[in-house]
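Here, each number is a calculation from the coordinates, and none is a lab measurement. These figures come from a predicted structure and were not determined experimentally. Reconstructed Cβ throughout: ideal geometry from the backbone, glycine too, with neighbour counts over all protein chains shown.
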Amino acid sequence: MTNVAVLGAGTMGHALALVFALGGHKVRLTDSNPATLARAQGLMEKALETLVAAGEAPDGWTSAHLAQALTRHADLAETVDGAELIVEAIVEKPDAKRTLYAQLDAVAPKDAIIASNTSYLDIFPLMPSARQKRTLIAHWYTPPYLVDLVDIVGGPETDPACIETVRAICAAMGKQPIVMRKFVPGYIANRLQSAIGLEVQKLLDDGVATAEEIDAAIIHGIALRLPILGVLAKADFTGLPMMQDALRNKMYTPPEVRGQSDALDAAVAAGRTGVMAGAGFYDWKGADPAALFEARDRRLLALKQALRRIGTMAGMEREL
């Protein structure tokens, strides 16, 4: 069991706290916003309820178990007292992270490992020099109690032993940690998602298809094969000469990174900011966000359990 401190109780932070608690660790959670910290308990209990119903939580786990394994604290120093692993999950703003890291340097145990959940920022220049050797990135995906991928990236001075410690902790919890050779913004999955996102926004802005039609093409075309084959194994099944021909024929020109999208800007300007607002690209009819998250989680759980039974071609390759 590791003493884990999670800093930030928002969308990712509270879910990460739940992951570590379910993984058998003692967790302390904090947030600079009292309302966010207060709301976290109900969100964690709801997610736990969904996991229990699907048989994806440890046997016998209840909200009482969660209360024993995970506590919430308003004070940063109290949260990190005795912490062996500190998970930073605050906003993606350099100044906010730099400020927090300076505060941490003053109160955190000297031998604590600091793991940032940053999605795109190079956080290493923001970290005080005395903490560099025990600082790394451990980036999770939403919701982390269902999505197993964890990107682990060390900085220029990170002790390899710290990277291995965090990798082993994640693997022991049933996650799929990938240790990257070097830092690149967005890692692997986010960079691929960003490329898809650019094309999706161009299709919307050019009036080629609706949001529903684009998602249907992804769900019924691309997504059906990706969980089993990935991208490169799929290329093996299609045949690599076809990939060569596609490159030679220049059949596709990626869209430019314009820094904005007309369709996206229009939705935000109209207050359609997503599920929390009741509408985004889709009209969610003002449904309770918690109910929508639960419905998403139930579907993801069913898919995850099915894939566990089916297996992947990459897994088969290792068995040959």
Here the gain from full extension of residue 249 to residue 308, 0.36 nm per residue of separation minus their alpha-carbon distance, amounts to 17.4 nm
Quick query: amide H of residue 72 versus all other amide H atoms, modeled in the peptide plane; which residues come in under 5 Å with a sequence gap of 5 or more or a different chain? 29
Between 0 and 90 degrees, rounded to the nearest ten: what's the tilt of helix 13-22 against the longest Cα principal axis of the chain? 70
Specify the inter-centroid distance of region 6-64 and region 131-206, based on alpha-carbon positions, in whole Å. 21
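For the chain, what does the relative contact order come out to in percent, with C-alpha contacts under 8 Å and a separation of six or more?
Computed over the chain, the figure is 13 percent.
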Give me 205, 111, 236, 297 sorted ascending by neighbouring Cβ count inside 10 Å, so fewest comes first. 111, 236, 205, 297
Between residue 65 and residue 189, what FRET efficiency comes out of the Förster formula 1/(1 + (r/R0)^6) with R0 = 30 Å and r the beta carbon distance, rounded to 0.05? 0.45
Relative to the first principal axis of the alpha-carbon coordinates of the chain, what is the inclination of helix 34-53, with its axis defined by its Cα atoms, in degrees from 0 to 90 and to the nearest 10? 60
How much length would be gained if the chain were fully extended between residue 294 and residue 102, taking 0.36 nm per residue of separation minus their Cα-Cα distance, in nm to one decimal? 65.4 nm
Residues whose built amide H sits under 5 Å from the amide H of residue 116, excluding neighbours closer than 5 in sequence, are 88, 136, 137, 138
With R₀ set to 51 angstrom, the calculated FRET efficiency between the beta-carbons of residue 223 and residue 75, to the nearest 0.05, is 0.70
Just the projected area, averaged over all directions, of the convex hull on the alpha carbon atoms of region 189-258: how many nm²? 5.5
Compute the long axis of helix 94-107 from its Cα atoms, compare it with the longest principal axis of the Cα atoms of the chain, and write down the angle in degrees, 0 to 90, nearest 10. 30
Starting at the first residue of region 285-291, write each ³J(HN,Hα) from the Karplus equation 6.51 cos²θ - 1.76 cosθ + 1.60 with θ = phi - 60°, in whole Hz, x for Gly and Pro. 6, x, 4, 4, x, 4, 5
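Exactly which trypsin sites (Lys or Arg not before Pro) in region 89-120 are in a DSSP loop and have at most 10 other Cβ atoms within 10 Å?
Answer by residue number: 110.
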With both partners inside the chain, how many of the DSSP beta bridges are antiparallel, as a percent to the nearest 5? 25
Per-residue Cβ neighbour rank within 10 angstrom, fewest leading, 48, 121: 121, 48
What ³J(HN,Hα) values, in whole Hz, does the Karplus curve 6.51 cos²θ - 1.76 cosθ + 1.60 give for region 255-264 when θ = phi - 60°, with x put for Gly and Pro? x, 6, 7, 8, x, 6, 9, 4, 5, 5
Give me 157, 256, 56 sorted ascending by neighbouring Cβ count inside 10 Å, so fewest comes first. 256, 157, 56
With each label point set 7 Å from Cα along the Cα-Cβ vector, what nm distance links residue 168 and residue 33? 3.7
For residue 179 and residue 269, compute 0.36 nm times the residue count separating them, minus their Cα-Cα distance, and round to one decimal in nm. 28.5 nm
Per the helix-only calculation at 222 nm, which mean residue ellipticity applies to the chain, given -39500 (n - 2.57) for every DSSP H run of n ≥ 4 and division by its residues, nearest 500 deg cm²/dmol? -14500 deg cm²/dmol
³J(HN,Hα), Karplus 6.51/-1.76/1.60, whole Hz, each residue of region 66-73, x for Gly, Pro: 4, 5, 6, 7, 9, 10, 10, 9
